Amino acid sequence: MTVTSSQEAKERIWKTSAWSLIFIGLLSLVACISFFTSGNADQSVAEAGVQTGDPKNLLGYMGATVAELLIRRGFGLFGLVIPVYAMLIGGVMLENNFYGMVKRLFKYVFFAVLWGSTFIAYIIILSNSEQFDLGGGIGYYLNMWLFKYVGQLGVAFLLIFAVLLFFVLNFNAEVRASRFVEKISQVTENVKTQGIRVNLPKIQPAPNGNGQNKPKRQNRVKSSEEAESASPDQPVVNGTMDTAEPELPLAKAGEEVAFSIEAPEKTKKKAPKRHKVENEQLELVIEEPDGDPSRPTETKEFEQLGNDNVGLVKGENKIEKIVQKEDQEIELEDFEAYDPTRELSNYETPPLALLDEHGDGEGREVDRQELVENKNKIVQTLKDYGIEITNIKATIGPTVTLYEIVPAPGVRISKIRNLEDDIALNLAALGIRIIAPIPGRGTIGIEVPNSKPETVSLRGVLSTEKFSNSKASLPIAIGRNISNQVFVADLHKMPHLLIAGATGQGKSVGLNTVISSILYKKHPAEVKFVLIDPKKVEMSLYQSLQYHFIAMMPSQKDPVITDVREAINVLKSLCIEMDQRYELLKAARVRNLKEYNTKFLARKLNPRKGHHYMPFIVLIIDELADMMMIAGKEVEMPIARLAQLARAVGIHLVVATQRPSVNVITGIIKANFPARMSYRVISKVDSRTILDANGADQLIGRGDLLLSTGSEITRIQNAFIDTPEVEKVVDFIAEQRGFPEPYYLPDLPTDSDEDSLADEPIEKDDLFEDAARLVVKFQMGSASLIQRKMKLGYNRAGRIVDQLERVGIVGPHSGSKAREVLISDEAELERYLSNLS
């Protein structure tokens, strides 16, 4: 709420300033116009500095004063330009657009006002006229000063030279008459034939005024200070636990409960003053946890060498190719930064109110009696096997509690690791997991499930600042870890995710969490999904996002792929898309998608050369085992290629399977998935296959998972989102305006299709030849170009493009980019059309 109110306040101040500037400029303009009828009468009033008479200006004393400063003492007739420019600035501030235009216009306004005032004053002085107001005081005194040094004729030459120099510096004006005539004829021809082809993008702000989407409504989570004030201070308890001891207060999830245990007397020979304390005695201390509960090009001069398109660089004594001006990259200062979200500038991310609160969002309170009993059982079990510990601490999570123990010197870790089943027996708990040792802590962890696990809702996770302020490219709110902290990962850095788990353990909910997290954070222009669902029912909810977040092939029947053979074609199409993106990265001389898009947004890449903004593509496969059973090698090869190479071009994989056996997750696939997520599996073999470690078979299910990101394994309780919640989120997005067509991947032409097309007669549209001339003229084989220029429907324009492809004028479909035009000029086209006829 504080962030939103601050943004609204800034927006109000910005709009108030804009309207004030427009109002002041308008009043100043009226005052200056009124000066030319009442200036002489108001001269004494304005020069006096106080209101001494009855001013004749339409705006009274203030109008007379402003007009005196801008017209008589200022720039004369050109003083009218200043309030007009001020009104223009106010309008630009109000529209929040065209800042670059106003910035570039400043130098023209400055030169026009200064030069115009000097020129008019010069003419008035030479004509001996008394209308000195038309030139203004600045123009008059500037002429008088110049007359002393260069005389009247010198001032005339200076004025002419100033105009010529200004045009040469700002417009690269040619002095030679032949070049000047040639440019005039060229501009005239362009205006007649194609009109103005440069469109400035409109950067429309989001409703919050800072250029971003609307902030998500955040649920209020109690701070640690409020939690302390809401509950009384916990007492320090000493002594042996028995039935007569009063009931202990509750501990909240996320808290750390420290049990400090003094070693027996034989281990403390150097501290005789300390009293001997039995292992059953403990000191209970509550610790509150910390944390929470997006170079200008150098100009060179060339000397032409012969008729070839090469020249000698002056001053560098080397030969380079001369690039025509229309083939050069667009300069950064000529346009505003490109905005990929401009087409759907009114898009709103789903509100958090669409999601349900399955938990209270603050962590369930755990019975402290349960903690102490589990602690005593662990200590007693270790003592029975001759293992002494010096300290024990409990960290309460949403579903499990982590007991960290510090063994006495000389105790072997393997002895504690082998007691996993014995501790589980004494605790009568399912899913005991021992971490020996915990990386980076120097302790041994024993994870014990809580008697009443907590449900972590996705709404509570998305409402935290850790997710809403995340700068990750593809943020994924997985859930809460064992310390009850929100765990947010970046899929772009993983860069691929392999998910495994037995039936009913939470894989499908986990995939919905991954998709929903990205839907709540990203704009449709920034990320696209390719959804493969051999089960046919798990991802059918996302079909209505076809025109927002779905990438598909033109020949694809449904947005969500359910047929394995069609899935193979999509995987091959993604490989082609990957290769095409690498070609663009190579041409742009960048190494990854982030650098490429940054360069494109800064308008350093020319769209006429095939460059375009490339969104992230997330491929999600719900059941890999079914695909591998039907077409093993055909599926393995493209997945392996994508896993090996697609990271740099922004294509990321999320692959799920029920049983992570070696014939499903082959070595070449597994080697390229460093990030792996495992829900509960059946056997230790499956756990080692997916995680390269034990533990996944000891999970308790219902979203309890282990995430491996290299050498570290983290236990997380997956956030829960139900099917009705997914439907509401998808419906909210689908009801908004989407793109006119989905994001198309490259299609896969087959030999049989090409042969059948070659045998069929070509039925030409009535506007076929006109469309062919248009495509060759713009060198862009696009249905949208034909639709826009010839005012046709999209279906008819698409059929014309197909006809142009059949006759060999344009190339095949290449994804979201325009088709390649195979004919270079109109003369060649006319010869080609005559041969066809």
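What follows draws every value from the coordinates through simple rules; no lab data is involved. Just so we're clear, the structure is a prediction, and the values are computed from it rather than from any experiment. Neighbour counts run over all protein chains shown; Cβ positions are idealised from the backbone, glycine included.
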Checklist line | Pair Leu767, Leu114: separation of 7 Å Cα→Cβ label points (nm) | finding: 5.2 nm
Check: Of the peptides 696-704, 596-604, how do they stack up when ordered by the mean number of other Cβ atoms within 10 Å, highest first?
Finding: 696-704, 596-604
Note to self: Check which residues have an amide H placed less than 5 Å from Lys528's amide H, if you skip close sequence neighbours.
What the structure shows: Phe616, Ile617, Val618
Checklist line | Spin-label pair Val537/Met144, simplified geometry with 7 Å Cα→Cβ offset, distance in nm | finding: 9.5 nm
Notebook entry, point to check: Using the beta-carbon distance between Arg591 and Ser784 and R0 = 25 Å, what value does 1/(1 + (r/R0)^6) give for FRET efficiency, to the nearest 0.05?
Noted result: 0.20
Item checked: Net lengthening on full extension, Leu645/Ala693 (0.36 nm per residue, minus Cα-Cα) -> 14.6 nm
Notebook entry, point to check: What list of ³J(HN,Hα) couplings, whole Hz, do you get for segment 729-742 from phi and the Karplus terms 6.51, -1.76, 1.60, once you set θ to phi - 60° and write x for glycine and proline?
Noted result: 5, 5, 5, 4, 6, 5, 6, 7, 5, x, 6, x, 8, x
Check: Using the Cβ atoms and a cut-off under 10 Å, what net charge is assigned to the surroundings of Leu707, where Lys and Arg are +1 and Asp and Glu are -1?
Finding: +1
Check: Quick one: of the DSSP bridges fully inside segment 563-708, what percent are antiparallel, nearest 5?
Finding: 40 percent
Margin query: Give me, ordered by chain and number, the residues 5 or more places off Ile482 or on other chains with an amide H under 5 Å from its own placed amide H.
Written below: Arg715
Next item on the list: Would you work out which of Ala502, Val411, Val527 lies farthest towards the positive end of the dipole of segment 403-546, given +1 charges on the beta-carbon of Lys and Arg and -1 on that of Asp and Glu, about the Cα centre?
Entry: Val527
Notebook entry, point to check: To the nearest 0.05, how large is the calculated FRET efficiency for Glu583 and Glu712 if R₀ is 41 Å and r is the Cβ-Cβ distance?
Noted result: 0.65
Next item on the list: Note the full-extension length gain between Arg417 and Arg608 as 0.36 nm times their separation in residues minus their Cα-Cα distance, in nm to one decimal.
Entry: 62.3 nm
Check: Tell me, what ³J(HN,Hα) does each residue in segment 636-646 have, in order and in whole Hz, if you take phi through Karplus 6.51 cos²θ - 1.76 cosθ + 1.60 with θ = phi - 60° and put x for Gly and Pro?
Finding: 5, 4, x, 5, 5, 4, 5, 5, 7, 10, 7
Next item on the list: Quote the FRET efficiency, to the nearest 0.05, computed for Glu95 versus Ile33 with a Förster distance R0 of 25 Å and r equal to the Cβ-Cβ distance.
Entry: 0.45
Check: Can you give the net charge of the other residues whose Cβ lies under 11 Å from the Cβ of Leu344, counting K and R as +1 and D and E as -1?
Finding: -2
Checklist line | Vicinal HN-Hα couplings computed from phi for segment 622-628 (Karplus, 6.51 cos²θ - 1.76 cosθ + 1.60; Hz; Gly/Pro x) | finding: 7, 9, 6, 4, 5, 5, 5
Note to self: I want to check the label-to-label distance for Ile668 and Glu830. Put each point 7 Å from Cα in the C-beta direction and report it in nm to one decimal.
What the structure shows: 5.5 nm
Next item on the list: Indicate the gyration tensor shape class of segment 532-617 (rounded, prolate or oblate), computed on the Cα atoms with a ≥ b ≥ c the square roots of the eigenvalues: a/c under 1.5 is rounded; otherwise a/b larger than b/c is prolate and the rest oblate.
Entry: prolate
Notebook entry, point to check: Under a point-charge model restricted to the Cβ atoms of Lys and Arg (+1) and Asp and Glu (-1), what is the dipole moment magnitude of segment 510-570 relative to its Cα centre, in debye to the nearest 20?
Noted result: 100 debye
Notebook entry, point to check: Highest mean first, what order results for 499-509, 582-592 on Cβ atoms within 10 Å?
Noted result: 499-509, 582-592
Notebook entry, point to check: Is the shape of segment 434-529 rounded, prolate or oblate, going by the alpha carbon gyration tensor and its root eigenvalues a ≥ b ≥ c, with a/c under 1.5 for rounded and a/b larger than b/c for prolate?
Noted result: prolate
Checklist line | 5 angstrom amide H check on Val654, placed H, neighbours 5+ away | finding: Leu497, Leu619, Ile620, Ile621
Next item on the list: Would you mind classifying segment 644-749 by shape? Square roots of the alpha carbon gyration tensor eigenvalues, ordered a ≥ b ≥ c; an a/c under 1.5 is rounded, otherwise it is prolate if a/b is larger than b/c and oblate if not.
Entry: oblate
